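Each remark here refers to the structure printed beneath this line.
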Amino acid sequence: MVEDNKHIDLIIARYIAGEATEQEITLLNQWLSESEVNRKYFGDIQFVYQKAVTSHTVNKVDVDKAWGRVHQQMKKKTVQPEPTAKTVTFHIPVWLRVAAVLVIVSGISFGLYRFYTSTLLYPTEMVAAASKDSVVTKSLTDSSTVALNKNSKVTYAKNYGKKERRLKLEGEAFFDVKHIDDKPFIVEAEGTLIEDIGTSFNIKAVDTDTIVEVFVKSGEVIFFTKDNKGISLTAGEMGIYNKNTRTFTRIASPDVNATAYVNKVFLFQNVRLADVVQQLNMVYGTNIRFGNEQLKDCTISVKFENEDIALILSIISETLELTVTKDTDGYIINGDACKKE
């Protein structure tokens, strides 16, 4: 890693001096595109160098003197003393002069690099709540609550609640936030940030997914990243962040059952039975299958409020005139294909 940093610093020096080759420029552009940290690091070095070379009273002279001293040391090691004075020409490439300036500011630039890296990494964390095979609800010290979907985790810094309330989410969770004006509530999830403005909202941020979803049940949130101001979302809206394209999209009519895993409240309005079964399997952890594949295209409009899965399937079967059989693996739905209206 250290050698890689030295290599990129050398390329940056040559680029700033205007002596970088096309290949070096290509490598630099690739490195810059890898992360926001790299872009900030480059920008800060460029800024410090520009300040250095525009200072006529200090930096330009100091660089020349520094290279002069280096030159003298090299002469002592490689050139034997001559009985008479002799002029020795020692050409210092511009990019090496830039490198000298970079050496002078290396402590600053390294500190800045570590600062920006540390802001992307999370501070010392404590596990606030974690779930495995069931939904877990946790009350936080500020009276806010979080409901974690299966296989999810929320962590926070040790100083949570002192100046700000900042958490990190892995997986999916529903937050019911107690708003405090001088202590913003911010959730970090898969490179995105969600800040509440008196809100209850759901975040789905799975590391293997290409998108991050935020659904606002009440209030308002700001959904953004460190280099993108993002979008604001109000009650009933969903925002999606594409991790590949780094773009935000607003969905005005999202799935109303996005938070069903929290309270098991479902509202299906003319929804395909295949989609109904998929959501029931996810929330209840069941294995509902179709004995007749044509039944997947049946549609149903119905509402369930924290009902037992057996009762839900009974209502569905009676509504659509189907049969439901329980076996050791779960449930099987059978019957004739639904009539087209």
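Summary of values
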item	result
Mean Cα-pair separation over length for segment 125-251, i.e. relative contact order, pairs under 8 Å, 6 or more apart, %	15
5 angstrom amide H check on LYS217, placed H, neighbours 5+ away	SER200, PHE201, ASN202, GLY236
Interchain or long-range residues, amide H under 5 Å from LYS178's placed H	SER144, THR145
Extended-chain gain in nm, criterion 0.36 nm per residue less alpha-carbon gap, GLU19 and THR245	78.1 nm
Residues with amide H under 5 Å from that of LEU322, placed H, sequence gap 5 or more	none
Across LYS40/LYS163; LYS153/LYS303; LYS178/LYS217; LYS204/LYS264; LYS150/LYS296, pairs whose alpha-carbon gap is larger than 24 Å	LYS40/LYS163; LYS153/LYS303; LYS150/LYS296
Phi to ³J(HN,Hα) by Karplus 6.51 cos²θ - 1.76 cosθ + 1.60 over segment 143-156, Hz, x for Gly, Pro	6, 6, 10, 9, 10, 8, 5, 4, 6, 10, 8, 10, 10, 9
Prolate/oblate/rounded call for segment 132-278, Cα gyration tensor, a/c under 1.5 rounded	prolate
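Any read-out appearing in this document is the output of simple, stated calculations on the displayed coordinates, not a laboratory observation. Everything numeric in this text was worked out from a predicted model, so none of it was measured.
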